[in-house]
Amino acid sequence: MSQNVEIEYKNLLTELEYEKLIKAFEINKAESFTQENIYFDSKEMVLKENQLALRIRIKDDVAEMTLKSPHEGHLLETNESLTIERARALVEKTVIYPTGQIADLLASYGIDSMTPLYIIAQLRTQRLEKKVHSCLIVLDKSWYGDQIDYELEIESTTSTEGKQFIKNLLTQYDIPERDTPNKISRAVQDQQKRTL
């Protein structure tokens, strides 16, 4: 089990802007990796009500369950490592009951460990990364059902540095600042559209 505070800034991109940044930062597309994100909540959306998000992320050879919770203007990530087999088994069940530190954290929000949490959305992301100074540039191409979107994410060690870095980058490459809901919101919205 591990915890870390996530300091990141995001901006949706067009496909053209995404390609422009790959070229500008000389990022090798062959070094991309793919991850699946599967999001969970109760039928009453009790996690969303408490500004929480729970996901299982599966990469080629590793998987983890992550609970994101508010923390001093950012997000605290509480991570539990899973084997690929365990992650796939949980996803196949379509309903989970978290345990350990994640369950303890949910309990601190009044969410009982016996509350069933169901899959509410899924997406697949192809991720490219490039370290620049002390920031990490992340370029994501994500598939939600048959929808595709592109996103720039800047991960930094301080808020000041991250805000300034993304502001400068958007200005330098003439990319408008866009309202960028997080991936879980976009995935849930896509899921709702497809079930109407």
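We did not get these values from a lab; they are worked out from the coordinates using the rules stated. Quick caveat: nothing in here was measured; it's all calculated off a predicted structure. When we count neighbours, we look across all protein chains shown, and the Cβ atoms used for this are built from the backbone with ideal geometry, even at glycine.
Can you match Rg and Dmax of the Cα atoms in Å to one of these, (i) 16.2, 51; (ii) 17.1, 50; (iii) 15.4, 46, based on a calculation from the structure here? Computed from the coordinates, Rg and Dmax of the Cα atoms in Å corresponds to (ii). Count Lys and Arg as plus one, Asp and Glu as minus one, and take only other residues whose Cβ is under 9 Å from that of residue 135; the net charge is then -1. Between the amide H of residue 178 and those of 12, distances stay under 5 Å, these residues lying 5 or more places away or on another chain, with hydrogens modeled in the peptide plane. Cα centroid separation, segment 157-180 to segment 15-40: 17 Å.
Taking the longest Cα principal axis of the chain as reference, the axis of helix 159-172 is set at about 50 degrees.
Compute the distance from the alpha-carbon center of segment 91-112 to that of segment 43-80, in whole Å. Spelled out, the Cα-based centre of one part sits 10 Å from the other. All other residues whose Cβ lies under 15 angstrom from that of residue 15 are scored, Lys and Arg at +1 and Asp and Glu at -1, for a net of 0.
How much net charge surrounds residue 104 when only other residues with a Cβ under 14 Å from its Cβ are counted (Lys, Arg +1; Asp, Glu -1)?
Values: positive: none; negative: 80, 112.
With Lys, Arg at +1 and Asp, Glu at -1, the net is -2.
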